[in-house]
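First comes the structure, then the notes that go with it.
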Amino acid sequence: MRFNNSFNLTYILFTLLGGTILIFLIAPLLGLFFSLKAPGFFATIHDSDVSNSIYRTLLISALVTLVASLFALPLAYILARKKFPLKGLIEAIIDLPIVIPHSAAGIALLGFISRDSLLGSLASSVGLNLVGSSAAIGMAMAFVSVPFLINSARDGFAAVPVRLEQAAETLGASRYQVFTQISLPLAKRSVISGLVLMFARGMSEFGAVVIVAYHPMTTPVLIFDRFNSYGLDYARPVAAIFIAVTLIIFIFLRIYQKR
Amino acid sequence: MMLQIESLEYSVGEFNLGPLSFELEKGGYLAISGPSGSGKSLLMELIAGLRKAKHGRIIIDSVNHTFTPPRERPVGLLFQDYALFPHLSVYDNIAFPLRILKKEHRQIESRVNDLAEFFSIETLKHRDVGTLSGGERQRVALARAIAYEPSVLILDEPLSALDEELREDARETLKGLKDSRQTIIHVTHNRNEVEGLASKSIVLSQGFIKSLF
């Protein structure tokens with residue numbers, strides 16, 4: 001009886017504490033939607049700058065996620081399966097974009113792609129200016145979000161029993177076939193989860209993106225621009241529409257992931 | 001000789017296996033037994049190519065396969081936990097090595113059907129492997145291991161995970177395989193379970209052959 005009482009008390013306490021953090025997460029979002037004014041909201045829906053920025057943000061983030069996966073998944077697999085010198089250092093480097101301020105990441109990237117840099121001068125020689133381009137936005141998004149994909153996929157690959165890969169090898173499969181036909185399908189859930197996380201993190205990025213490309217505007221930059229130039233009433237509808245669009249996408253992706 | 005092991009040596013940490021030498025004729029049934037830590041699993045993995053030998057030679061069907069990667073070795077391996085691919089159906093598990101070999105669809109279907117009949121698993125072909133019983137899983141894993149007709153089939157503790165009744169059925173299946181002239185190595189910690197099956201027996205102790213008969 002004493003155990004049950006103490007369990008119930010603990011359970012009640014945990015529910016109260018957990019409920020508080022849930023309210024903390026939900027309240028600002030609900031407040032945002034409840035404080036919308038109809039005329040401003042409908043005008044924003046028809047604002048082509050807003051719709052173009054949302055389209056641009058989603059498209060660049062999706063493309064960057066797909067392209068980065070070609071490089072990130074092999075690295076995640078090697079990290080899951082192989083032991084090698086400086087592996088800990090490499091894992092720390094992968095986590096670096098998560099812990100450094102994203103504005104600092106933007107400054108670092110700006111130096112990497114500016115016209116004085118090797119990459120920037122190469123692009124410049126074929127008539128491309130990376131700074132202020134969609135490519136720069138994509139690089140900033142990838143820089144801050146790819147660790148989520150690598151880490152999630154690495155955990156997924158590590159959870160695939162080595163025995164299954166060995167079995168496939170003894171049945172004639174090459175290492176590449178083992179990866180594509182056994183490891184990748186079995187780690188699918190973690191890989192998709194990583195892709196979704198990377199996509200989400202990329203499209204919501206502001207700090208690094210605003211430094212490498214203020215224009216063309218992604219939606220997070222547009223929200224900041226409206227807030228900075230016109231105030232909260234103009235930024236709020238853009239923020240609400242962007243949150244609504246992302247929520248719909250993530251509900252859809254989550255349903256797909258569960259299937 | 002189907003299998004010749006010549007002065008095979010391997011070491012891991014402080015454990016040394018061998019030098020070991022023995023032979024097995026085509027269609028032979030070799031039992032390798034010994035207590036835990038005697039080197040049975042290491043020897044099995046060396047023959048299957050999952051580990052590289054430090055010294056010695058592994059000759060299968062007159063070809064030196066000592067350093068051949070596992071995918072190119074004519075050795076089938078039945079893992080103790082069967083290692084069935086959980087994302088594939090029974091049919092797709094058995095067809096896996098045939099698809100790797102890029103066999104034609106008809107050939108694959110015919111071979112899978114023949115194996116399903118041999119192992120009495122015709123009704124399970126489209127089942128998820130996660131829904132199978134221990135005995136069924138073993139028969140599917142055996143069918144998969146011999147689907148591409150390996151020269152040597154290694155069985156890792158094939159009877160230890162089964163209860164008494166299923167063990168008898170499994171012994172009958174292994175007898176059937178032996179009668180089909182499949183060369184078999186049966187690795188076990190329990191010498192009694194290979195009575196009536198093995199044509200040759202090796203007992204390992206601390207990495208060496210304690211007896212060969």
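The values are calculated or read from the model by the stated rules, or taken from the named source; none is laboratory data. Given the structure is predicted, the values throughout are model-derived calculations rather than measurements. Please note: Cβ atoms are built from the backbone with ideal geometry, for glycine as well, and neighbour counts cover all protein chains shown. Accessible surface is based on the protein model in full, side chains and every heavy atom, while ligands, DNA and RNA are left aside. Shrake-Rupley method; radii C 1.70, N 1.55, O 1.52, S 1.80 Å.
Quick notes on this structure:
- In the range A:136-247, counting only helices (runs of 4 or more DSSP H) that sit wholly within it, the ones holding 2 or more residues that are in contact (Cβ under 8 Å) with a residue 12 or more places away in the chain span A:162-170, A:188-203, A:207-212, A:219-230.
- Of the residues making up the range B:43-72, those that are within 16 Å of B:LEU153 (Cα to Cα), among the hydrophobic types (A, V, I, L, M, F, W, C) and not in a loop (DSSP other than H, G, I, E, B) are B:LEU43, B:MET44, B:LEU46, B:ILE47, B:ALA48, B:ILE58, B:ILE59, B:ILE60.
- Matching residues, the range A:147-163, being surrounded by fewer than 20 Cβ atoms within 10 Å (Cβ to Cβ), within 20 Å of A:MET198 (Cα to Cα) and not acidic (Asp, Glu): A:ALA158
- Within the range A:15-40, the set of residues being modelled with pLDDT of 95 or more and of a type in the set (Phe, Trp, Tyr) comprises just one member, A:PHE24.
- Search result, residues across the range A:189-207 that are within 14 Å of another protein chain (Cβ to nearest Cβ) and either open to solvent by less than 30 Å² (accessible area, probe 1.4 Å) or in contact with a His (Cβ under 8 Å, 6 or more places away or on another chain) (or both): A:VAL191
- Subset of the range B:127-145 [among the small types (Gly, Ala, Ser), under 20 Å from B:SER180 (Cα atoms) and free of Cβ contacts under 8 Å to residues at least 60 places away in the same chain]: B:ALA143
- For the range B:17-42, the candidate set comprises residues that are part of a loop (DSSP other than H, G, I, E, B) and either of a type in the set (Lys, Arg) or touching a helix residue (DSSP H, G or I) at 6+ places or on another chain (Cβ under 7 Å) (or both); within that set, the residue that is most open to solvent (accessible area, probe 1.4 Å) is B:LYS26.
- Top-ranked residue of the range A:158-187 - restricted to ones that are facing chain B (nearest Cβ under 7 Å) and of a type in the set (S, T, N, Q), ranked as farthest from A:ALA72 (Cα to Cα): A:THR170
- Matching residues in the range B:197-213 - criterion: being of a type in the set (D, E, K, R) and free of Cβ contacts under 8 Å to residues at least 24 places away in the same chain: none
- A:SER134 meets all of the listed conditions (1) of a type in the set (Gly, Ala, Ser); (2) touching a helix residue (DSSP H, G or I) at 6+ places or on another chain (Cβ under 9 Å); (3) over 30 Å from B:PRO69 (Cβ atoms); (4) open to solvent by 70 Å² or more (accessible area, probe 1.4 Å) but one, namely (4).
- Single unsatisfied condition, A:ARG115 versus (1) within 24 Å of A:MET203 (Cβ to Cβ); (2) basic (Lys, Arg); (3) away from every other protein chain (no Cβ under 14 Å): (1)
- Evaluation of B:LYS52 against (1) modelled with pLDDT of 95 or more; (2) open to solvent by 40 Å² or more (accessible area, probe 1.4 Å); (3) under 22 Å from B:ASN16 (Cα atoms) (one fails), failing number: (1)
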